[in-house]
Every structure is written in structure tokens, then in C-alpha cells.
Amino acid sequence: MKWLQPLLIILFVNVSYSQNFVSNVSKVGTSSAPFLSVPIGPRANSLGGAFVAISDDASALYWNPAGIAKLNRNEFIAVHSEWIAGINHDFGGLVIQLGSGGTLGLSITSLTMDEMEVRTELQPEGTGEFFSANDMAIGATYAKNLTDRFSIGFTGKYIFQKIWHSQATGFALDFGTLFKTDLFNGMRIGAVITNFGQDMKIDGRDLRYFLDPDPNAIGNNDQIPARIETDGWPLPLNFQFGLSTDIINQENSKLTISVDALHPSDNFESINLGAEYALNGMIFLRGGYRDLFLTDSEEGISLGAGLNISPAEGTNLIIDYSYQDFGRFTSINSFALSLHF
């Protein structure tokens, strides 16, 4: 059976990957660049994050780089999400077809916040100074169809984090596969490993200070330059395996369901579920549930909708929106504009 070999490869990678983690320790809050784990795109978000095996639009640059090899046109996507605590999360992606040479993608992810006043132990009301914090990741993706059913994709990412006068940088790789079977109306199987890279370590002038090595001595230098040594922290490595199939696939009506299993390095395993109904390829209704079986999660149900219009011949403009319940935190709203040309 032609589909057996890719499936065995995926399962082997999953087993090998799982052996490197302790099953009874969640490791929440121990990874650097956590913004890399913030999900991208209202369509995928409204499906509860069960998108690895679908990945059929430009947001695949985040979810599964192999997915862009299946696109038959150039695509651009711009996403804005109102994240928790007044944080803005933005994503821009461009997919360019190279014909028989494969598919190229470029993306940028940004996490920003408003400036905050600097407060110290001695000046709790503020020093009059303000600081900001922001994160950014720039990615380049290449994907190719190895057969008419099996695709692979790679993403290289430059990662940058900054808070006031200190910053950390790093590099990471994503690797994804996508396979279409003959089973269950062409069920699709997707697998991806994201954020495989070096530890990140913060540095900058905020870590410099002056030290008196012997405050009891008279006449010694009390302004010896010193620096706080920080540790490196690993990136939020994640393995995600997904299945997707069309329950209904008629000329004017299509119902797609999907399920993803997640194995992150900094949390316990969980399941994401999603469903999308398309009417005439123009109107889309979506729903999903995130972090099933994860007891400490604040996330849960998600809902969304999309509209596909054709402003000019050969182009499509897609507007997407999603709502995510975030438990005791404020709910998350996400918006996206996609242009197919």
C-alpha cells in the first residue's frame, strides 16, 4: 500500500521524539520565545487549532510548511489578533509559486505591547522613564510535492526578543509533511515539528551594573564594572500530528472535520478538534475545541466565519474572523485578509 511508508515514517518520528521528554512534568513557563506558540490565523483558530492536516492556505506557513506546496496560486495573508493583556499579535505571509521548482514562502510574526512606566523598589510610583517589549520572527519557507499525494516543507526562522535595553536572538527550523490517502474520502495526514533550534539567552546593557567587591575596605574602587550572567532557555519545541477528511463533498456544500494531537516540550499532550462547513465556496462557518484533556488550560471552544469574494477575474479576497474563549482571561478576537492571485 502506497500510503503505508509515509505513515510509518511519521509514527517513527513521533515515537523517537516522545522519548526525549519526561511525561509527568509539564515544564510550563520554562521555554524562551513563547510567542512562537501563539496560533496564527482566524480560520485555524476557529477550528480549535486542528489545522496541520488541512493547511491549504497561506497560514500553512505557520501550521505546516508542506501545505503551501498544494496551493495552485500565489497568496498573501495579513492577520491581526487582540491577544490577552492588551498585547497585539500580527502575522504577514506571502506564498509564491515556482512552477516545477516548488513553492516559496516568506512570513513575519510580531508581538507588541504599549509602553509601560519603569517602577523600582525605591520609586514604586515610577521613575519617569518608559520601557517597551516586543518579539519578532522572520521565516523563509520552501515546499515541494514529491508525488501527487505526498509533500514536504521546511521553514528557517530568525527570532528576536527585546525588553527595554536587553534582547535575545536565535534561529529555528520547522519541518512538515502532508499526505493524501485513498481512505475515507481522501483523508489527509499531516505532521510537523516546529521550533527546533538553539537556546536563547538574553543580553544587553540592562544586565550591566557597578560592583564594590569589598565594601568594608577603605579606599578601594567601588565602581567595578560587572554583568549579570543569564542562562539559555530552549525554544517551545512541538510535534503535531493531524487527520482531516471531508464528511460531505458536494458541488455546493462541503463539511470538513479535523483532529490534531499535540506533544509540546513545555506542556502535557492534548487534542484539538475542528469542523468547517462551506456553502458554494463563498460562505464558511467554523467551530472547534482546543486543548482537550489538558486539565490546566484556559482555552476551550472557538467559533468563526469566512467570506470569499472575487473582486476581479483571477483573484479572490477572503475575509476571516474567529472568536476564542480564554477562560478567566479576556476572549480572543482574530481577523485576517487573504488575497489569492
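A few points about this structure:
- Cα-based helix-to-principal-axis angle, 4-18 vs the chain, degrees rounded to 10: 20
- Protection proxy ranking, peptides 163-174, 189-200, average beta carbon neighbours within 10 Å, highest first: 189-200, 163-174
- Charge dipole of segment 183-341 (Cα centre as origin; +1 on each Lys and Arg Cβ, -1 on each Asp and Glu Cβ, all else neutral): 520 debye, rounded to the nearest 20.
- Surface/4 of the Cα convex hull for segment 183-292, nm²: 12.0
- When both segment 224-288 and segment 91-140 are represented by their alpha-carbon centers, they are found 21 Å apart.
- With 19 Å as the limit, the listed pairs Lys70/Lys144; Lys144/Lys180; Lys157/Lys180 have Lys157/Lys180 beyond it between alpha carbons.
- With the highest mean first, a sort of the peptides 202-208, 64-70 on other beta-carbon atoms found within 10 angstrom per residue produces 64-70, 202-208.
- Simple rule: put +1 on each Lys or Arg Cβ and -1 on each Asp or Glu Cβ in segment 31-127, find the dipole, and look at Ile96, Met116, His80; the Cα lying farthest toward the positive end is Ile96.
- Taking Pro264, Pro225, Pro215 as the candidate residues, the one with maximal mean-square fluctuation in a Gaussian network model of the chain, Cα springs under 10 Å, is Pro215.
- Leading residue at positive end of dipole, segment 270-313 (Cβ point charges), from Leu273, Gly300, Phe284: Phe284
- ³J(HN,Hα) computed for each position of segment 243-260 - Karplus, 6.51 cos²θ - 1.76 cosθ + 1.60, integer Hz, glycine/proline x: 10, 8, 8, 9, 6, 10, 9, 10, 4, 10, 8, 8, 10, 10, 10, 8, 9, 10
- Extension gain for Asn74-Ser26 works out to 13.3 nm (0.36 nm per residue, less the C-alpha to C-alpha distance).
- Estimated FRET transfer efficiency (Phe184, Ile228; beta-carbon r; R0 51 Å; 0.05): 0.35
- Surrounding net charge for Leu47, when Lys and Arg each add one and Asp and Glu each subtract one, Cβ distance under 10 Å: +1
- Counting only lysines at least 8 places from Lys162 when in the same chain, those with an alpha carbon closer than 28 Å to its own are Lys27, Lys201.
- Farthest toward positive dipole pole in segment 154-261 [+1 Lys/Arg, -1 Asp/Glu at C-beta], among Asn249, Leu178, Gln198: Asn249
- Cα-centred dipole magnitude for the chain, charges only on beta-carbon of K, R (+1) and D, E (-1), debye, nearest 20: 1380
- Altogether, the Stokes-Einstein calculation at 20 °C and 1.002 mPa s, with the Kirkwood radius of the chain over Cα pairs as Rh, returns a diffusion coefficient of 99 µm²/s.
Rule-based calculations on the coordinates, nothing more; no lab input. In this text, all values refer to a predicted model and were calculated from it rather than measured experimentally. Here Cβ is always computed from backbone atoms with ideal geometry, including for glycine, and neighbour counts include all displayed protein chains.
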